[in-house]
Amino acid sequence: MGRFIARRLVQAIPTLFGVLVLTFLLTRLSPADPVQLMLGGQYDITPEDRERLRDSLGLNDPLPLQFVSWLWHVIQFDFGNSFYYHRPVIQMIGERIPNSLQISISALLITVAVGVPLGVLAALRRGGIVDHAIRIFSVSGHAIPTFWFGLIFVLVLGVQLRWFPIGSMNVVGTDCTFCWDRFWHLIGPVAVISIGGIANLPRILRTEVLEVISQDYVRTARSKGLRENAVIWAHVLRNALIPVVTLFGGLLTIFVGGSLVIEQVFNWPGLGRLTFEAAVNKDYPLVQAGVVFSSLLLILSYIVRDISYAIVDPRIKVR
Amino acid sequence: MRRLTAVLGTVLLVAVSCSQAPTSTGTSPTPGPSASDQPQMGGRIVFGATGDPKTMQPVIATDTQSSEIWNKLYLSLTRANYKTGETEPNLAEKFALSSDGLTLTYTLRDNLVWSDGTPFTGEDWKYTAEAVARSAKTVRKSTLQDIVGWADYRDGKTDSLAGVTIGNNGKTIEIKFAKVFCPATAALGGAGAGGILPSVHFKKVWDNKTTDTKTNIDDNPLNMNPPASMGPWIFKEFKPGVQVTFVKNDKYFRGAPFVDELVVKTYADATAVKNALVTGEVTYGSVEAKDNDEVSKSDALKGVRYKSSGYTYIGWNAKAAKAPWLANRDVRQALWYGINVNAIMQKILFGLGTQVYAHNPPTSWAYDPSGLTQYANDVAKAKSLLEKAGAKMGTDGVYRWTDGQPMRMRIETNQGNNARETILQFAQEQYKAIGIQIDPLLESFNALLDRTDPGTDYEGFILGWSLGADPDPYSIWHSSQQGKGQFNNVGYSSPAVDQALLDNRNGPDCSQAGRKAALKKVDQNLNQDAPYTFLYAADVNFYANKQLQNVDPNTYSTTWNVEKWWFKK
């Protein structure tokens, strides 16, 4: 397993390199002048000063040289200072990542906890009312954009009915992570972001369960007199889960991408909101770091997916 | 950025106000304290901001979010009366301008101390002014430029601002001017920055007694970690993306606040702040006119409406390379006749505002709309003005300019500002009716400010000004103010206006009547030259939690008496 993980980590390097190249090029291709943005309100500065700064930043160097220099800093986790807030970017990102992970990890757990039973139930009740209801939910949940659910949640359950907070991580004056108040504030963003995953999971799982359930070894298990629960959860589900694990990476894409919008809607101070605001403010060092770290999280999640895959299906290691 | 700069850059002077009394809105009137009401101690006030502060230090601050933080801590020697705009004592107990207008003396109150117990003296004022002089990021130098020795200190030829003398053990500040500066009294109270810094602490990060112009106050840890306060609140903690927390200052010279804590909480946008106000998370704040009806129905809130000191406009760049017709006065007048401002006001403000025809807003003592053309929407008149200017109608319904090119141009504004986006939609539709094609362009606020920094690559833009109590529109309209980072970004140039602006600033008649006459000339010329299509001054719809007592906001301040606010349980 160790060698497998090491191999996957090495394989991730070209992907990450591609992300870094794209991130660098996209910000360099932007029409905005980094020196102008960096100087912001400094009106006293002379054209000579500007040119000197441009030189010192290496902006007059050829593009490949600029990339190598930028890459060298990135490897050392040095993304420079935010143009807008004049604070070290790495510090700002570090403050936000734990907040985003709270939503993403909770959403993942909820998705699996709700989506898997729904998928199995839909397969076992094939053609029945429950199956139809789950299918309608799946299609609707898949079709309606997450931000719409978020806005409706805030307006109806937050502003109108006051059942849930309208956003933020804690009530003003409270500052705790593992407490009821944080849990209460997590419900909205996690529920909304989970809908996409929950809608997706039963559709795939239902098909897989139906396929597995008709296999000979399931019939054998039943004929041995095993209890139905044991047949479904120990034999059927484990095999049906193999393609579902493939879906795992896709879910994380939804969570990382979705959190950008959901953090904005729920006023959640995470990496997504930070990156969104940085893009609006043309704060390129922050945008670059936000994109790189989001991509890094995504790549890591794909590695975790592959490891899970290897656990569920040991043949993967051999391949 | 530009709006805020206008607030600070447009100086405050002795003013007799014409501002209106606030109008009560919502479900109940604002209750005044009755004799039986005894203030109760404790509680927390929460204010909603749409973003984190970029800095907590006034010399370099240019955005509203930053201002919301530093103005709780760093005060000015004078302040504008919240209702009338008249300059009144703050940290100074009195101030006097000499008869020749060349010497200004502030006398501080007795026993002023910072929150950490350090005495507040004239040295703090001088330090702040010198920090402004050497800052590379400040936009506030013009306020102090007439002080004797200013340029020498700024350029590092001296290590002290010669025109400023601190006397009487730091209790008096005497400022000598090279020439008369009519708005001096109010403009200089904040040492050019708006708020005075604690020099004892800031000297540790930048020593003002130096000729080295490469060092300044612009980047240091205290800019995000204020060390002491003269205001009602003391900085406690900044949690990025979440909130800034303050606790009450027991040494505040007007008395410690009744409320224990103030939180400036960060929200994603104005809608989130409005929702937080409705649900009770935020204690007070103003809402957009479109939300006024919804918010006024809340039983937990009390509302007050008052006039704002500013206006919204469409600016026309006379130097636009792609729209040479904007240099023509008849065309700009046609653009004013071509848009239905009344309809815009109904749609955006639901009538809660005042149409404006020139620069000085209805709240200003310089406001005088008499004799100004009112440009009622008139499509035929607009077309005749375009033809008078030399435009000829094309077969496609779009006028051709004298060089044959179709009269097509961009109008840009900042995305997310509902009112301005609506104005842009109106403009696109209504200018089509007079034969001018508009390409709408939405961008972030910062991008809009960058793009409309004086130059030639923009045509029309929708923005607003928030103006100070004392009118000094020099930086907006004087022909010399068209460089990068300056505010005359419509390329406006009029010798008559230039002279009137100088008369308002430097006399010879610094009386209010004299300045009003000068400002009237400015307004008359702007009204005829139409460098902007002046639109409206919106009313402010302010709401506060009903339990919060003594809240009395008006045009020039919402929190002028915050130390007397208390929660009735």
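The values are calculated or read from the model by the stated rules, or taken from the named source; none is laboratory data. As the structure is a computational prediction, the values presented were derived from the model and not from experiment. In this analysis, Cβ positions are derived from the backbone assuming ideal geometry, glycine residues included, and neighbour counts consider all displayed protein chains. Just so you know, the surface numbers come from the protein's heavy atoms only, side chains and all, with ligands and any DNA or RNA stripped out. Shrake-Rupley method; radii C 1.70, N 1.55, O 1.52, S 1.80 Å.
Between chain A and chain B, roughly 2900 Å² of accessible surface gets buried, counting both sides and using a 1.4 Å probe. The Rg/Rh ratio for the stretch A:97-312 is 1.04, where Rg is the radius of gyration of the alpha carbons and Rh is the Kirkwood radius. The peptide list B:535-547, B:219-231, put in order of mean Cβ contacts within 10 Å with the highest first, becomes B:535-547, B:219-231.
Rounded to the nearest 10 degrees, the angle from helix A:271-280 to the longest Cα principal axis of chain A is 40 degrees.
Largest first, the residues B:Arg408, A:Arg8 sort by 1.4 Å accessible area into B:Arg408, A:Arg8. Taking every residue in A:166-176 and counting other chain Cβ atoms within 10 Å of its Cβ, the average works out to 5. When shorter helices are ignored and each DSSP H run of at least 4 residues is given -39500 (n - 2.57), the per-residue value for chain B at 222 nm works out to -7000 deg cm²/dmol. Given contacts defined as C-alpha pairs under 8 Å and at least six residues apart, what's the relative contact order of the stretch B:290-394, whole-number percent? Contact order relative to length: 30 percent. Among the chymotrypsin sites (Phe, Trp or Tyr not before Pro) found in the stretch A:95-202, those both in a DSSP coil and sparsely packed, with 11 or fewer other Cβ atoms within 10 Å of their Cβ, are A:Trp163, A:Phe178. Around the Cα centre of chain B, unit charges on the Cβ atoms of Lys, Arg, Asp and Glu (plus for the first two, minus for the last two) sum to a dipole of about 240 debye. Given +1 at the Cβ of Lys and Arg, -1 at the Cβ of Asp and Glu and no other charges, the dipole of the protein assembly as shown around its Cα centre is 2280 debye to the nearest 20. For chain A, the longest principal axis of the Cα atoms and the long axis of helix A:237-265 meet at an angle of about 40 degrees. The long axis of helix A:129-143 is offset from the longest Cα principal axis of chain A by roughly 10 degrees. Spatial offset of the stretch A:191-249 relative to the stretch B:464-497 amounts to 71 Å, using the alpha carbon center of each.
At the residue level, B:Lys176 shows approximately 90 square angstrom of accessible surface with a 1.4 angstrom probe and all protein chains present. Springs join every pair of Cα atoms under 10 Å in this Gaussian network model of chain A, and among A:Tyr302, A:Tyr85, A:Tyr284 the largest mean-square fluctuation is at A:Tyr85. What separates the Cα centres of the stretch B:210-284 and the stretch B:394-422 is a distance of 42 Å. Comparing B:Pro406, B:Asn506, B:Val132 along the charge dipole axis of the protein assembly as shown, the residue lying farthest to the positive side is B:Pro406, per the Cβ-charge model.
Shown in residue order for the stretch A:218-229 are the 3J(HN,Hα) couplings computed by the Karplus curve 6.51 cos²θ - 1.76 cosθ + 1.60 at θ = phi - 60°: 6, 4, 4, 4, 5, 5, 6, x, 5, 5, 4, 4 Hz (x for Gly and Pro). Since only B:Ala447, B:Pro473, B:Gln415 are under comparison, the one whose Cα sits farthest along the positive direction of the charge dipole of the stretch B:399-545, derived from C-beta charges on Lys, Arg, Asp and Glu, is B:Pro473.
Taking amide hydrogens as placed 1.01 Å from N in the peptide plane, the amide H of A:Trp268 sits under 5 Å from those of A:Ser168, each at least 5 positions away in sequence or on another chain.
Once backbone amide H atoms are built at 1.01 Å from N, B:Gly455 has no partners under 5 Å, excluding neighbours fewer than 5 places away on the same chain. With all protein chains in place and ligands, DNA and RNA left out, the 1.4 Å accessible area ranks B:Lys392, B:Lys248 as B:Lys392, B:Lys248, largest first. 3J(HN,Hα) along the stretch A:169-184: 9, 8, 5, 4, x, 9, 9, 9, 9, 9, 8, 4, 4, 5, 4, 4 Hz, from the Karplus curve 6.51 cos²θ - 1.76 cosθ + 1.60 with θ = phi - 60°, whole Hz, x for Gly and Pro. Taking only the Cα atoms of the stretch A:259-319, the ratio Rg/Rh comes out at 1.23, with Rh defined as the Kirkwood radius. Got a sec? Charge dipole of the protein assembly as shown, +1 on Cβ for Lys and Arg, -1 for Asp and Glu; which of A:Phe266, B:Gln528, B:Gln38 is way out at the positive end? Result: A:Phe266, furthest along the dipole toward the positive end. The dipole here belongs to the stretch A:97-312: it is taken about the Cα centre, uses +1 on the Cβ of Lys and Arg and -1 on the Cβ of Asp and Glu, and is about 680 debye. Which links in A:Lys282/B:Lys204; B:Lys209/B:Lys239; B:Lys392/B:Lys521; B:Lys209/B:Lys484; B:Lys83/B:Lys176; B:Lys157/B:Lys203 stretch past 26 Å when you go from one Cα to the other? Violating the 26 Å Cα-Cα cut-off are A:Lys282/B:Lys204; B:Lys209/B:Lys239; B:Lys392/B:Lys521; B:Lys209/B:Lys484; B:Lys83/B:Lys176.
If you take the Cα centroid of the stretch B:48-64 and the Cα centroid of the stretch A:291-308, the two points sit 36 Å apart.
Expressed per residue, the C-alpha convex hull volume of chain B stands at 145 Å³.
For the stretch B:421-528, applying the loop criterion from DSSP together with a ceiling of 16 other beta carbons within 10 Å to the trypsin sites (Lys or Arg not before Pro) yields B:Lys484.
Across the alpha-carbon set of the protein assembly as shown, the Rg to Rh ratio works out to 1.02, Rh being the Kirkwood radius. Per-residue 3J(HN,Hα) values for the stretch B:298-314, derived from phi via the Karplus relation 6.51 cos²θ - 1.76 cosθ + 1.60 with θ = phi - 60°, read 6, 6, 8, 10, 10, x, 9, 10, 9, 6, 8, 9, x, 7, 10, 8, 10 Hz in sequence order (x marks Gly and Pro).
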